[in-house]
Amino acid sequence: MFPADFAYARAGSLAGALAQLDAAATAGDNVKVLAGGQSLLPMMKLRLATPATLLDIGDLAELKDIAADGGQLRIGALATYRDLQRDPRITAGFPAIADALTVLADPQVRARGTVGGALAHGDPAADLPPVLLALNARVTIASRAGTRTVALEDFLRGVFSTDLADDELVTAVTVPAAPAGQAYEKFAHPASHLPLAGACTVIEVQGKAITGTRVAVTGIAPRAFRIDLPQRDLASRSVSALRAELADGDSAGGPELDAMLAGALEAAMAAAGAEPLADQHASGPFRVHLAAVMARRALARALSRADAPAGADE
Amino acid sequence: MPDVDVDVDVTVNGVPRRARVPARTLLVHFLRDNLRLTGTHVGCDTTQCGACTVALDGVAVKSCTVLAAQASGHEVTTIESLAPDLAEITARGGTLAAAGSRAAGREPPASPEPVSLHPVQRAFWRHHGLQCGYCTPGMVMMIRQLLADNPDPTDAEVRHALAGNICRCTGYQNIVAAALDAAAELRGA
């Protein structure tokens, strides 16, 4: 099994790559950018993608850097999942990203797959987009005309669809400093390892009170999306009360809490006019149910990591 | 029609190799068909089974999901390089056990364990870490990567590291035992 014929070009510099994309966009040529290739090459082998030209940016060292700036992290688009997994700034500062990397594909794929490639690909069942959405990440995009930055929320559009124009490249993802209470949970398809549903929760805590919650889910709609939890409902619970409510895992967790999460999910999907994804692996309603369960598990794990003194409000 | 061929200039097992191939040539086919290094297997061909695992610039990857063109200018290590004497001897028609004793420069030992094998390969031999053997090259290459990253893995860590390697004989128990034993040997434990 191999791809349809294509012409191959390797970019020697970012400026060169942008010039080539600019020329191709002007001429209307069917060019695809190749980074790690762990999503694109399988699609090409199945002839689901048949670009006339591949522009390989894999050797552009300037896009591989991971740089800390205060608590904020700027991740070069060509940083691989393996690079992130081996970076203590990720594992210590962003445990939700570390969670996702642990369950994302397999070690060989993580050695090639890149952060920028994953975002530009726009797969509705990818692991990193919900995590980066919940972490308020921003995407830096370059073209020959210049550089722009867009919130990931506005970058993701739909199934394999993003805000990226034909003459543009993702060059970096910036993740602002985030509270310690964060986690990602997914229900994986056993063969593909892709999430049938996945959820990331980031929780902000002050003293014994929950002051903010950000939840994003993947795998159930044309794009990863954020859901708004009724803050009043969460704020009425103290951290330790919620911890206690979630302590027994799936056997408990509270029907009330499950109903709240499922309701918030359905409201977010209705507001976006999104139909749940459905295929031979899982129906739409089952995916939505799974997403609510994953959100609850992520909430429990995020709470266990949150900077709140245990038993502070007994 | 634009040119769909590409020059591939790659170092494989320390030897510079060059060929002009269609750009769509996958690294695994380049290794097997152009270089006749058939130790790297094609299993699922869909990035799932790991039989095609090789090291690219020292890191284990699935060579069915890398273009030969992407490897140009880089270094590839295949299963053949782990026991180079053995590869040379078996290519001349010698046997595995004979190869082991010849590499050690002595008469065939009472135990047939081939001494010239890589520690991971020897551990597979001791634990019978294979049944049909089809997945074995990929398993060995991935375990080699695991032990480079984590010299003292737990049973669970070995299994997690092998998430991308499928044994359809389902002989995982002995594969995991071999990995743990090889880890101990390499640590000098």
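Only the coordinates and a few stated rules stand behind these numbers; no lab work does. If you're wondering where the values come from, they're calculated on a predicted model, not measured in any experiment. A quick note on method: Cβ atoms are made from the backbone with ideal geometry, for glycine too, and the neighbour counts reach across all protein chains shown.
Quick notes on this structure:
- Where labels lie 7 Å past Cα in the beta-carbon direction, separation of residue A:1 and residue B:18 in nm: 3.5
- The aspartates and glutamates whose alpha-carbon is closer than 13 Å to the alpha-carbon of residue A:208, local same-chain residues fewer than 8 away aside, are A:307, A:313, A:314.
- Mean Cβ count within 10 Å, highest first, over the residues of peptides A:76-88, B:43-55: B:43-55, A:76-88
- Each Lys or Arg adds one and each Asp or Glu subtracts one; over the other residues with Cβ under 13 Å from the Cβ of residue B:72, this totals -3.
- Per-residue mean of foreign Cβ neighbours for B:56-65 is 5 (Cβ atoms of other chains, 10 Å radius).
- Dipole orientation for the protein assembly as shown: of the candidates A:101, A:44, B:164, B:164 has the Cα lying most toward the positive pole (charges on Cβ; Lys, Arg +1; Asp, Glu -1).
- Charge context of residue B:180, other residues only, Cβ under 12 angstrom, K/R +1, D/E -1: -2
- Ranking A:198, A:293, A:66 by how far each Cα lies toward the positive end of the dipole of chain A (charges on Cβ) leaves A:66 at the top.
- Converting phi to 3J(HN,Hα) with the Karplus coefficients 6.51, -1.76 and 1.60 and the offset θ = phi - 60°, region A:127-135 yields 7, 6, x, x, 5, 5, 5, 5, 8 Hz in sequence order, with x at every glycine or proline.
- Each part gets one Cα centre, and for region B:117-154 versus region A:40-64 those centres are 31 Å apart.
- Sequence-distant lysines (8 or more away, or on other chains) whose Cα lies within less than 26 Å of residue A:186: B:62
- Relative contact order (percent, whole number), region A:7-56, Cα cutoff 8 Å, 6+ residue spacing: 55
- Residues of region A:76-107 with amide N under 12 Å of the 7 Å Cα→Cβ point at residue A:68: A:87-94
- Other residues whose C-beta falls under 15 angstrom from the C-beta of residue A:50 contribute a net charge of +2, scoring Lys and Arg +1 and Asp and Glu -1.
- Placed amide H near residue B:6: partners under 5 Å, 5+ positions off or other chain: B:21, B:23
- Average beta-carbon neighbours from other chains, 10 Å sphere, peptide A:29-36: 1
- Relative contact order (%) - criterion: Cα under 8 Å, at least six apart; region: chain A: 16
- Prolate/oblate/rounded call for region A:7-56, Cα gyration tensor, a/c under 1.5 rounded: oblate
- Taking every residue in A:1-11 and counting other chain Cβ atoms within 10 Å of its Cβ, the average works out to 6.
- For residue A:205, distant residues with modelled amide H under 5 Å away: A:211
- Note on residue A:165/residue B:189: beta-carbon distance plugged into 1/(1 + (r/R0)^6) with R0 of 56 Å gives a FRET efficiency of 0.50.
- Label separation (residue A:149 vs residue A:47): 4.5 nm, computed from points 7 Å beyond Cα along the C-beta direction.
- With contacts taken as Cα pairs under 8 Å and at least 6 residues apart, region A:55-184 reaches a relative contact order of 30 percent.
- Screening chain A for whole DSSP H helices of 18 Å or more along their axis (Cα) with average Kyte-Doolittle hydropathy at least -1.0 returns A:14-27, A:255-272, A:284-305.
- Given charges at beta-carbon only (K, R positive; D, E negative), |dipole| of chain A in Debye: 340
- The label point for residue B:169 and the one for residue A:275, both projected 7 Å from the Cα toward the Cβ, are 4.8 nm apart.
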